[in-house]
Amino acid sequence: MPLESDLYPPVKALLEAQGYRVKGEVGHCDVVAVRGDEPPVIVELKRAFNLGLLLQGVDRLSLSDTVYLAIGRMPKQSKEIRALCRRLGLGLIVVTGRRADILIDPAPYAPRKNQRKAGRLLGEHARRVGDPNLGGSSTRVPRVTAYRQEAVRCAELLRDGPMRLADMRAGADVPNAAKILQKDYYGWFERVGRGTYALTPVGHTGIARYLPEAAQA
């Protein structure tokens, strides 16, 4: 991995090719480039992308709207880092050997809302009964979703024996009962006749985690 100072010559050459006068270590900035009466271009250099570099870039936005972060290598989270820089209005330069390439130019960020994802988020919030999950809890703890809650209600109806789908719809508030039973995502259900379903051994074990009385049965 190159030293931070090794990043400077390629970055300087890149900016000089665009007509800038470039100087290093001006004030607290690693690189400052000036062209005519335009606002200065500021570049912060780091061997690798990290929080310190990001905080430096955000701080330099108080001096100029044209701030780049220059790094010696792009980490595996390339997509996430690009998205983060865009959100903050920072540019991104990657230096490879003697070559510096601009991946992102600084620009105001105007995010496009994902209405489909927002709708799913609100739908999950509305369908979920109560507040069964502890926010920030470990990923090792199974998350109780609205889908899982409906599957548990279906399984609860089938604990005592097979039932017809029509009777299940009437016996519990499970609007997606047909999809849940047919898809059988958890392996809890089996079709034993036309429109009739039963609980599998896996299903009996599964609902014991969510229904205390089922664990004791």
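General observations
- Every test in (1) within 25 Å of the chain's Cα centre (by Cα); (2) closer than 15 Å to residue 107 by Cα is passed by residue 66 save one, and that test is (1).
For every residue, the table says whether it meets (1) within 30 Å of residue 144 (Cα to Cα); (2) aliphatic (A, V, I, L, M); (3) free of Cβ contacts under 8 Å to residues at least 60 places away in the same chain; (4) not assigned by TED's automatic domain parsing to the domain that holds residue 12.
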{"residue": "81", "(1), (2), (3), (4)": "no, yes, yes, no"}
{"residue": "85", "(1), (2), (3), (4)": "no, no, yes, no"}
{"residue": "88", "(1), (2), (3), (4)": "no, yes, yes, no"}
{"residue": "122", "(1), (2), (3), (4)": "yes, yes, yes, yes"}
{"residue": "129", "(1), (2), (3), (4)": "yes, yes, yes, yes"}
{"residue": "132", "(1), (2), (3), (4)": "yes, no, yes, yes"}
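- Residue match in the range 64-77 (condition: in contact with a strand residue (DSSP E or B) (Cβ under 9 Å, 6 or more places away or on another chain), modelled with pLDDT of 85 or more, among the polar types (S, T, N, Q) and surrounded by 11 or more Cβ atoms within 10 Å (Cβ to Cβ)): yes
- Positions within the range 87-114 being of a type in the set (Lys, Arg) and either under 16 Å from residue 15 (Cβ atoms) or under 15 Å from the mean Cα position of the chain (by Cα) (or both), in sequence order: 87, 98, 99, 113
- Listing of strands (runs of 3 or more DSSP E) fully contained in the range 35-138 that carry 1 or more residues being of a type in the set (D, E, K, R): 41-46, 99-104
- The lone exception for residue 60 - which of (1) under 25 Å from the mean Cα position of the chain (by Cα); (2) of a type in the set (Lys, Arg); (3) crowded, with 20+ Cβ neighbours inside 10 Å it fails: (1)
The values are calculated or read from the model by the stated rules, or taken from the named source; none is laboratory data. A quick note: this is a predicted structure, and the numbers were derived from the prediction, not measured. Please note: Cβ atoms are built from the backbone with ideal geometry, for glycine as well, and neighbour counts cover all protein chains shown.
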